[in-house]
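Report on one structure; see the data block that follows.
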Amino acid sequence: MRPVTTLELIATPAGVSGVRRALRAHGIDVQLCASELVTNVIRHVGEGVPVTVRVWPEEGGRVRLGVTDPDPRALPVLVAAAGAEAESGRGLALLDALAVRWGVEQEAGHKTVWCELFTDAEAVAVTATATGTGTGTGTGTGTGTRKTPERPGRRRRSAGALGHSSARS
């Protein structure tokens, strides 16, 4: 199990690539979601604000990513569909597609946008169990928790977040 990772930075475009590099050990999904959330802070709260990025293990082989910024009012909104010509609006849709669940925690003076993801090893193990290709003691009957071909463990699409969790577990 990986230890908790905490990054404190000033939200800048150059900082986004630094976040991706710092989170490399947590896998591509964590890197991508963190990058999108920090980019949202830059775009909707402002460049140069302090941001805290935390990644820590959760139960069930998941990892939780939280990005905290100082504006509790600037809430993320999941856009139904960004057109091909749209210059923005895909970041939260991407996060929604990758995450098991996500949401927002608002507190006085700050908010945290968080998501839970399967670790790469967990996703492989769940997929192997679901398809009967694992090397463990499973019977190969397809009794894993895989619900969609793309993301193991997902049960339904979220409604997004406006202060609400989009639990899928």
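The values are calculated or read from the model by the stated rules, or taken from the named source; none is laboratory data. From a predicted model like this one, the values you see are computed outputs, not experimental measurements. Reconstructed Cβ throughout: ideal geometry from the backbone, glycine too, with neighbour counts over all protein chains shown. Each accessible area value is taken on the protein alone, full model and side chains, heavy atoms only, with ligands, DNA and RNA left out. Shrake-Rupley method; radii C 1.70, N 1.55, O 1.52, S 1.80 Å.
For this structure, a couple of remarks:
- In the range 1-24, residue least open to solvent (accessible area, probe 1.4 Å) [restricted to those that are out of contact with any strand residue (DSSP E or B) (no Cβ under 8 Å at 6 or more places or on another chain) and in a helix (DSSP H, G or I)]: Val16
- The residue of the range 25-71 that is farthest from Leu95 (Cα to Cα), among those that are open to solvent by less than 30 Å² (accessible area, probe 1.4 Å) and in a loop (DSSP other than H, G, I, E, B), is Val49.
- Exactly one residue among Glu58, Glu47 is among the acidic types (Asp, Glu) and closer than 21 Å to Val100 by Cβ, and that residue is Glu58.
- Lone unmet requirement of (1) more than 10 Å from the chain's Cα centre (by Cα); (2) at pLDDT 90 or above for Val79: (2)
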